[in-house]
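Have a look at this one.
Just so it is clear, none of the values below were taken in a lab; they were calculated from the coordinates. Everything numeric in this text was worked out from a predicted model, so none of it was measured. Neighbour counts run over all protein chains shown; Cβ positions are idealised from the backbone, glycine included.
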Amino acid sequence: MSGRVLIIGGGLAGLSTARHLGEEAVLLEAAGEVGGLCRSTRRDGYTFDVSGHLLHFRRPAIRRLVGSLLPRQLRRHRRRAFVSFRGRLVDFPFQAHLYQLPPRIRRECLEGFLEADDRKGWSGLAPPEDFGSWIRYHFGPGIARHFLEPYNRKMWQVPLRELETEWAEWAVPVPTVEQVRRAAAGGPDPSLGYNPVFYYPRQGGIGALARALAREVTRLHLRRRVVAVDLTRRRVTTREGRTFYFERLVSTAPLPELLRMTRGLPPALLEAGEKLRYRSVCVFNVGLSRPGLPGRHWIYFPGRGVPFYRVGFAATSSPPAPRRAASPSTSRSPAARALRLVVAGSGGKCGPGWSKWASWKRERSRTWSTSFTSPTPTSSTIVGVRRSSRPSCANWRAGESRR
């Protein structure tokens, strides 16, 4: 089989490319469903996202496109996010809500920010190129030490000086001096940041978007894992032994995997590919017997005392349909201890038997997912991913370093 353009991978990038190219594109997806890291799965009445995703539209044209794919299905949310800090919840962004901090720490953060801003003015130095130095350059030692450094070290799992600024600065809003002064005095700016408003499907989890795109792709082949790419003959071979020819190739596969399965590449290029580092994520999707914390979308956990870095509350983004409730249960595993910790923190409780609902799944995308589900659909979100979806779920994201 042949196509003018052959696309490897049925995540959002591959699906969107195939949709826009129309009949000239052939898309090969290794899994039995589309979506990649943006797919959602159903289990025992729950919808779980493989990994948490929200929709932030910077361009009106993209918002109109997604709206046309999911008519009357997108729900608009105003962000309600928090930072767990010394036994209290501080509104996010941390740097825009300094008035919620203890007085000594508030003063330290404010003075550090003002000194950093003054230093930028008289030094004439350009912003640093590494992320660790960039944080202190813009925010000073207080905000850096109490939130930005510990949180980002926990999330990225590498020394922050090893990260280029471009890699992460887009997600860290830098307020003006006036905004920080107001934040210290009790006048926060809720619009600060790249995601003060976001969208999420009313039903079906984030995978609803991938499925909507797939309906407009005419030449889509599922369960077609590419194992070899021959650029000379312009063909790919799948695990089943089928051959697909192309004039142009679009790959959305992880770059190290693409290099390993491409024949005839220079050894130096293959060697460079093996040196690429990536960040693994452990995701726990958990079904709970009651809603979590009403009015909250997610909470950041920068502290070293807990292994996860983020908790998301699914039902806040996609309210569950009412159904008879049942309880999750207990186990002695580390995952169970984490579950009990978060359930207790959200006001729920664990009873016997939930461990039988746990299923471990290692994703090819280098994401490890554990879904803890109970027959009950009401929802809350556990640890550290950004969110599961409806009905009742909790998800935990903890970082692992793989190099």
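For the pair Y278 and R248, how long in nm is the line joining their label points, each one 7 Å along Cα→Cβ?
Rounded to a tenth, the inter-label distance reads 2.5 nm.
Can you pull the one-decimal nm distance between simple spin-label points at E257 and I105, each 7 Å off the Cα toward Cβ?
With each label point 7 Å from Cα toward Cβ, the separation is 4.1 nm.
On to the next question. Cβ neighbours within 10 Å, averaged per peptide: list 139-148, 100-109 in order, most packed at the top.
Going by the mean number of other Cβ atoms within 10 Å, highest first, we get 139-148, 100-109.
OK, next. Can you give the relative contact order of segment 93-192 as a percent, counting alpha carbon pairs under 8 Å and 6+ residues apart? Write out the running numbers ahead of the final one.
Working: 119 pairs, mean separation 43.4, N = 100.
Relative CO of segment 93-192 lands at 43 percent.
Taking the Cα-to-Cβ direction at R225 and at R181 and moving 7 Å from each Cα, how far apart do the two end points lie in nm?
Inter-label distance under the simple model: 6.1 nm.
Per residue, how big is the convex hull of segment 93-192 when only Cα atoms are used? Give it in Å³.
Given the Cα convex hull of segment 93-192, per-residue volume reads 92 Å³.
Mind putting a number on the dipole of segment 93-192 about its Cα centre? Charges go on the C-beta only, +1 for Lys and Arg and -1 for Asp and Glu, and I need it in Debye to the nearest 20.
Result for segment 93-192 is approximately 480 debye, rounded to the nearest 20.
Please sort 15-28, 72-85 by packing, taking for each peptide the average over its residues of neighbouring beta carbons within 10 angstrom, highest first.
On the way: 15-28: 19.9, 72-85: 16.2.
The densest-packed peptide leads the list: 15-28, 72-85.
Which net charge results for the neighbourhood of L192, defined as the other residues with beta-carbon distances under 15 angstrom from its beta-carbon, given Lys and Arg at +1 and Asp and Glu at -1?
It works out to a net charge of +1.
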